[in-house]
Each structure stands twice: as C-alpha cells, then as structure tokens.
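Data first, discussion second: the structure below is written as structure tokens.
Where a number appears in this text, it was derived from the coordinates with a stated rule and is not lab data. Just so you know, these numbers come straight off a predicted model, no measurement behind them. FYI the Cβ positions are ideal-geometry reconstructions off the backbone, even for glycines, and counts take in every protein chain you see.
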Amino acid sequence: MFTEKNDCTECQDWLVTDGGDCVALNLEELALPEKPYRLYRFLTELEDILDTITDDSLRIQAIIPLVRKLLASSYWLQMEFTEPPTDPGWSVQFLYDEYEFPLTVQMVAWLPGHVSPIHNHATWGIVAIVSGQEKNQFWRRSSTPENLSGIKYIGEKILVPGDIIAFTPDAIHSIEALGQEPIITFNLYGVTAYHERFEFDTINHSVKNF
C-alpha cells in the first residue's frame, strides 16, 4: 500500500516530458498534519495552485507533495476502487469530477497482464501507485509529412507502490500490469483537450482519437 516517502526507501517521483524523457524529481516531502488531511482540503489547495501556476511542469512539482501527503494521511482513499472486470480488464472510479472544476480525481485498477494502448492525455496528469507493479513505456513523436502517426520508443520504467509518475500533456506512454495482483492507482488529470488526445498504433502506423 501507499506510505509516506520516508517509510519507503526506494519510492521516487518522476516526470515524463513531451519528448518521452522520464526525469527523477527530488521534491520536498510535506509533514503529515495531526488531523487527517481531508480530500476537500487537498482539492482547495490544488485549485489555488492551478489558479497561480500556469506552467504544467511547475504545477506538477507543486502538486505531487500534496498527493503523497493525501494518500499517506487518508488511507480510506486507497480502498476506493472498483474491481476490474475481465473484459476490458480495467476500471475507473471517479472520486471527484465537478462541472467546470479544473481537474478530475480517479482510482484506476488494471488486471495483471493487461496492456494499455500507446496514448497521450492531452493534459497534465499525476499517477500514484497504490498497489501492484506497473511498467510504463515511453515514446516520442517522430512524425514526418508522409507519416503523421510516427512515434519513437524512448525507454521504460517499472513502478512500485509509493512511486508517483507525472506527465506533461503530450507525453506518450503505455502501461502494462506486472505480477500477480491488480494495479491500483490514484490518478489526477487536468482539463483534457480531447481533440488532441490520441491512441497510436505502431503496427499499422495509424493514429486515432483516444
């Protein structure tokens, strides 16, 4: 399960850029409050960050310590997920999704062995691994006038409980659920530009809205 970073010697924060680079972040960890750090406080502080910081990378770096503080303080959140069905092998449970609020909060679960399409999110995103092991593969656009769907494989990272990975809007990745247990993740996403969110097919060299 997700714990404080200082209780997990190998836990790490990561940022995946539009170019597919996975960069380690060394962020200051916030102390846990004496009272539970409630979801409503987390959302209020997030809204303040989004109102004052416009750069996506800087937003991410300001938000990740709050995510870690929330999950380490409010353990009930880690159990708020829906068991994924065999088909399609994944589930999404919305914890918060308000009209015109500038982000959504989700718990996502993947059955072992399932692999996502290669995709971007067309918004900033933060994913905290609650349980299970997740392999992320990273890609970079390599389109040409003849092949607008071109992408290039850059590398991969295996994430474990306590790790947090974040993405800039045009970061391209795919995930695979490793091991024998489902992956459970806590996900935050900003406002998605759906016309710029794509699924990439490296076999057929095609791209479509995702």
Taking a cut-off of 28 Å between Cα atoms, list the lysines near Lys35, but don't count ones fewer than 8 places away on the same chain.
-> Lys5, Lys69
Phi-based couplings in Hz for region 97-103 (Karplus 6.51, -1.76, 1.60; Gly and Pro marked x) | 7, 10, 4, 6, 7, x, 6
Within region 85-189: Cβ-based charge dipole about Cα centre, in debye rounded to nearest 20 (Lys, Arg +1; Asp, Glu -1) = 380 debye
Can you tell me the dipole magnitude for region 16-127 around its Cα centre, using point charges on the Cβ only (Lys, Arg +1; Asp, Glu -1), in Debye to the nearest 20?
-> 380 debye
Under 20 Å Cα to Cα from Lys152, which lysines show up? Leave out anything in the same chain fewer than 8 places away.
-> Lys135, Lys208
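With a sphere of radius 14 Å drawn around the Cβ of Ile49, what net charge do the other residues whose Cβ falls strictly inside it have (Lys, Arg +1; Asp, Glu -1)? Provide the component values of the computation, followed by the final result.
On the way: positive: Arg41, Arg59, Lys69; negative: Glu45, Glu47, Asp48, Asp51, Asp55, Asp56.
Charge balance in the 14 Å sphere: -3.
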Using the alpha-carbon centroid of each, what span in Å lies between region 66-131 and region 1-42?
-> 15 Å
Compute the semi-axes of the equivalent ellipsoid of the chain, taking the square root of 5 times each eigenvalue of the Cα gyration tensor, and list them largest first in whole Å.
-> 27, 20, 17
The Cα extents of region 85-148 along the principal axes, largest first and rounded to whole Å, are 42, 35, 21
Using only helices, what value at 222 nm comes out for the chain when you add -39,500 (n - 2.57) per DSSP H run of length 4 or more and divide by the total residues, to the nearest 500 deg cm²/dmol?
-> -5000 deg cm²/dmol
Given Cβ charges of +1 for Lys and Arg and -1 for Asp and Glu, the option among Ala166, Phe42, Thr104 whose Cα lies farthest towards the positive end of the dipole of region 5-192 is Ala166
